[in-house]
Structures are given as structure tokens and as C-alpha cells.
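Working notes, structure below.
The values are calculated or read from the model by the stated rules, or taken from the named source; none is laboratory data. All values derive from a computational prediction rather than experimental measurement. All Cβ positions, glycine included, derive from the backbone under ideal geometry; neighbour counts span all protein chains shown. SASA here: full protein model, heavy atoms, side chains in, ligands and nucleic acids out. Shrake-Rupley method; radii C 1.70, N 1.55, O 1.52, S 1.80 Å.
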Amino acid sequence: MNKKLHNVFEFFKSTLAVNLAASFFVFLFGGLAAFNCSVLTFGFALSLFFKEVNGKNEYVFYFNNQISKMQLWLHSWCFTFVFLAVCSFVFKLIIKIL
């Protein structure tokens, strides 16, 4: 189980850069609330799209480790949600301290 979780976390990390880059532009025009929504929806979907187009052969690795594509996507979204919640908490804590 630990190996599967590690593999899913690596998949999540590989989608995070595209997700945050796409969501950053939403932040510039819509603010923090739009950024938070974008990270979980538009940015996440765009990062999965890029993964589908550019990394088709990577899914074979995960399939051989008994992880389906749907499991990857679901766990990656959950990791994204937790990452966003932690970042929002830290951001609000810093604002409160300053």
C-alpha cells in the first residue's frame, strides 16, 4: 500500500506545476477566491489534459503497479485539495500575524 501511495503522490507532483501555472493567470484577473476554485477545477483538468497528451506511456507504469487511471485522478484531486487547504491556512495565518 505504501508503494501505491508513493506512486500516486509522484503523479500528483507531476501535475502540480501545470495546475498552479494555469491557476496563476486566474489569480491575476480574479483574485484569491477565483484562484482557489481554479486550482480544483480548471487548473486540475488542464494538468490532466497535458498528462494525457504528453504522458500516454506513463499510465502503463501505473497500470503495472495496479493503479487505475481513475484512482490516479481521484487521489491526485484529493492531494490537490489538501495542498490547497494547507496553503490557504498558512496564507491566512501569515496575514493574521502581519
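Just from its helices, what would the mean residue ellipticity at 222 nm be for the chain, if runs of 4 or more DSSP H residues each count -39500 (n - 2.57) and the sum is divided by every residue, rounded to the nearest 500 deg cm²/dmol?
For the chain, the value works out to -30000 deg cm²/dmol.
Might you work out the accessible area of residue 18 for me, using a 1.4 Å probe with all protein chains in place, and round it to the nearest 10 Å²?
50 Å²
Leaving ligands, DNA and RNA out of it, report the carbon-plus-sulfur percent of the accessible area of the chain at a 1.4 Å probe.
C and S atoms contribute 75 percent here.
With Cα extents along the principal axes in Å in mind, check [x] 56, 22, 18; [y] 48, 28, 15; [z] 49, 36, 21 and report the label derived from this structure.
Of the labelled values, this structure produces [y].
Among the helices of the chain (complete DSSP H runs), which have Cα atoms covering no less than 15 Å along the helix axis and a Kyte-Doolittle mean of at least -0.5?
Result, helices passing both filters: 2-30, 42-54, 69-97.
What size of dipole, in debye to the nearest 20, comes out for the chain about its Cα centre when the only charges are +1 on Lys and Arg C-beta atoms and -1 on Asp and Glu C-beta atoms?
In total the dipole reaches around 180 debye.
Assuming a strict under-28 Å limit between Cα atoms, what lysine pair count do you get for the chain once near-sequence pairs (fewer than 8 apart, same chain) are dropped?
Lysine pair count for the chain: 14.
Counting only C-alpha contacts under 8 Å and six or more residues apart, can you give the relative contact order of the stretch 1-88 as a whole percent?
Taking the mean separation of contacting Cα pairs over the length of the stretch 1-88, I get 38 percent.
Tell me, in nm to one decimal, what length is gained between residue 53 and residue 32 on full extension, where the rule is 0.36 nm per residue of separation less the Cα-Cα distance?
4.6 nm
Could you list the trypsin sites (Lys or Arg not before Pro) in the chain that lie in coil according to DSSP, counting only those with at most 15 other Cβ atoms within 10 Å of their Cβ?
56
If each of residue 82 and residue 63 carries a label point 7 Å out from its Cα toward its Cβ, how far apart are those two points in nm?
My value for the distance between the label points is 2.7 nm.
To the nearest 10 square angstrom, what accessible area does residue 28 show with a 1.4 Å probe?
Near enough 100 Å² of accessible area.
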